[in-house]
1. Within the stretch 64-73, restricting attention to residues that are over 10 Å from Leu10 (Cβ atoms) and hydrophobic (A, V, I, L, M, F, W, C), which residue is most open to solvent (accessible area, probe 1.4 Å)?
2. Any chance you could count how many residues in the stretch 25-35 are under 27 Å from Lys83 (Cα atoms) and open to solvent by 70 Å² or more (accessible area, probe 1.4 Å)?
3. Just one of Tyr38, Tyr22 is open to solvent by 60 Å² or more (accessible area, probe 1.4 Å) and in contact (Cβ under 8 Å) with a residue 24 or more places away in the chain; which is it?
4. Go through the stretch 4-19 residue by residue and tally those that are within 24 Å of Val84 (Cα to Cα) and surrounded by fewer than 11 Cβ atoms within 10 Å (Cβ to Cβ).
5. Out of Ile53, Ile101, report the one residue that is among the hydrophobic types (A, V, I, L, M, F, W, C) and either under 24 Å from the mean Cα position of the chain (by Cα) or at pLDDT 90 or above (or both).
Amino acid sequence: MDAKTQLIILAFSYLYGFILYYLIFINNKIIKNMKSIYRSIITILFMYNIVLIYIISIFKINNGNFHIYFFIMIILGYISNIKVTKKMANNVKIRKFIEKIKTKCYTEHNKG
């Protein structure tokens, strides 16, 4: 496998891990109010589909050569997306707090 193909697969694996976070989040939102047997079945089918899509994609890109660092890149993409999502959530909370302070200051300032 040449270097260009390895870089493509590493980037694909990282992005796949990044997207995997959102797919798991959506899956958990959908199944949280279901019975446990349905949650188990849907989760198994969901993971089966996720793995199948990844394997088919790897076969399309490099004829199915798997290496451990592909999976490491998926994990890194997943973990970095967790951190990015937390930072985005904190920024939204900070923005809301700043907007609240601005409106409070401007209304008090205009009164006096």
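1. Ile68
2. The number of residues fulfilling the criteria is 7.
3. The match here is Tyr22.
4. Total meeting the criteria: 1.
5. Of Ile53, Ile101, the one residue that is among the hydrophobic types (A, V, I, L, M, F, W, C) and either under 24 Å from the mean Cα position of the chain (by Cα) or at pLDDT 90 or above (or both) is Ile53.
Residue by residue, here is whether (1) without any contact (Cβ under 8 Å) to a residue 60 or more places away in the chain; (2) of a type in the set (S, T, N, Q); (3) more than 30 Å from Asp2 (Cα to Cα); (4) part of a helix (DSSP H, G or I) holds:
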{"residue": "Ile42", "(1), (2), (3), (4)": "yes, no, yes, yes"}
{"residue": "Leu45", "(1), (2), (3), (4)": "yes, no, yes, yes"}
{"residue": "Tyr54", "(1), (2), (3), (4)": "yes, no, no, yes"}
{"residue": "Phe70", "(1), (2), (3), (4)": "no, no, no, yes"}
{"residue": "Ser80", "(1), (2), (3), (4)": "no, yes, no, yes"}
{"residue": "Val92", "(1), (2), (3), (4)": "yes, no, yes, yes"}
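The values are calculated or read from the model by the stated rules, or taken from the named source; none is laboratory data. It should be emphasised that the depicted structure is a prediction, and the values quoted were computed from it without experimental measurement. Cβ sites come from the backbone with ideal geometry, for glycine too, and all protein chains shown count toward neighbours. When the accessible area is computed, the model is the full protein with side chains, heavy atoms only, and any ligands, DNA or RNA have been set aside. Shrake-Rupley method; radii C 1.70, N 1.55, O 1.52, S 1.80 Å.
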